[in-house]
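Everything on this sheet refers to the single structure shown next.
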Amino acid sequence: KMSYLLGKYISDEGKENIKNHKYVPGEYSALDNLLNPFWIWIVEFLPKWMAPNLVTLLGLIALGGSYLLMLAFDLSMTKPLPGFTYLLVAIGIWTFQTLDAIDGKQARRTGSSSPLGQLFDHGCDAVSWAFCNMSVVSFLGLGLSFSGILSIYASIGPFFFTNLLEYYSGVYIYSVGLIDATTGQYLLIFFNFLPFLVGGDFYQGKVSDSWTFMPSILSDGYLFKDYAMIVVVYVGVIYSIILVFKTLNSVKGAYVKFVVTLQIIQHIGIYALMYLFDPNIPFIKDNAGLVYLSVVFLFVLVTCKLIICHMAKMDYNVIHFEFLVFAPYFYLQSQYNGTQESENTLKLVFYATFVVMFFITFRFIQTCINQLTEYLGIYCFSIEKRKEKSS
């Protein structure tokens, strides 16, 4: 359903369920426990008037700004960038990770905890993971390719399936074995920091030319980006597969398992959309960053729906009509004949698709925030209650 376009998505019963929702976290990872004293220390530097959601938003702005800077230098996501851009992305990821880790502590510190905080936090997480691994596509120079799509999946896939598992089991899983979100973020910080230190074309270099100590079977014919793909991308894919099986094992009954399977398939359909964009069309190849971003808006929308449906105890739909926004573009792409007129029409429809997906996603988030702040009597970015502020 798309009733959020008219200002309503969460039912009255759902709002009450969200109000009474109790968050059940899983166990923290070893790295979380190691960093926790630092997080406890640094949160004390935040002013008491700063709302927890504002803390999260500032982190997301830092991360998103650094990613947009990468796109400003190269929308095709295939070329080496100035060294300082990699540094800024690494700082952006660290800033978001740190502020995201302390927003809950700020909420307890200021006595401003609310169910909206969990929704906003997880919604920002959805956006952040997409930004994080789009930076991987850029620093590895993957562009619009199967490897690039796999890289995007390596981060937002596990995040979606973590929330799908929470929807059915009621518990939010922070880690599976040694694989966890915090470790993944710090790995991405490291992988962005490397080209800042040794040059933007580091990952395009041959392993055998630099690491002569390695056996030829592990170095000949391989680039550094191949090893980075193994660590950053394939680990995320394995993480997703584990979460899928955990989700299927957490539900009982053939019908429910069938529904879960359909939900998994529709999520994979998001990546199929990326694959349908034709990289042989010069305009699409040169604007890979916008292609990924347009589909990421759909991922954020679908994932935020899932998070809200879990907390509101609402049914999570198997079919999302927002997929149809891309239909006009793909139809015109199928008719593309290489002429300037055909390409200009395709450009226009692509930009329109991008804007519409952004608007739909923004409208959904705005609608849900407005519904909950009004129902809970709070503000999203202020710790004051509505009645206190109006007086």
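The values are calculated or read from the model by the stated rules, or taken from the named source; none is laboratory data. All figures in this text were calculated on a predicted structure; none of them were measured in a lab. We place every Cβ from the backbone using ideal geometry, glycine too, and count neighbours over all the protein chains shown.
Points worth noting:
- Long-range neighbours under 7 Å by Cβ, at least six apart or interchain, first residue in contact (Cβ under 8 Å) with a residue 60 or more places away in the chain and of a type in the set (S, T, N, Q) within the stretch 203-227, second assigned to a helix (DSSP H, G or I) and surrounded by 15 or more Cβ atoms within 10 Å (Cβ to Cβ): Gln204/Lys225
- For the stretch 118-130, the criterion of being buried (at least 21 other Cβ atoms within 10 Å of the Cβ) and aromatic (Phe, Trp, Tyr) is satisfied by at least one residue.
- Within the stretch 236-281, the residues that satisfy the criterion of being more than 30 Å from Thr182 (Cβ to Cβ) and either assigned to a loop (DSSP other than H, G, I, E, B) or in contact with a Ser or Thr (Cβ under 6 Å, 6 or more places away or on another chain) (or both) are Lys252, Gly253, Phe277, Asp278, Pro279, Asn280, Ile281.
- Just one residue in the set Lys48, Lys15 is loosely packed, with under 15 Cβ neighbours inside 10 Å and either in contact with a Ser or Thr (Cβ under 6 Å, 6 or more places away or on another chain) or at pLDDT 90 or above (or both); that residue is Lys48.
- Members of the stretch 19-73 found to be of a type in the set (Lys, Arg) and assigned to a helix (DSSP H, G or I), listed by number: Lys19
- Single residue of Asn192, Asn133 found to be crowded, with 23+ Cβ neighbours inside 10 Å, touching a Ser or Thr at 6+ places or on another chain (Cβ under 7 Å) and at pLDDT below 85: Asn133
- For the stretch 303-391, the helices (runs of 4 or more DSSP H) that sit wholly inside it and include 1 or more residues that are modelled with pLDDT of 90 or more and exposed (fewer than 15 other Cβ atoms within 10 Å of the Cβ) are 327-334, 340-376.
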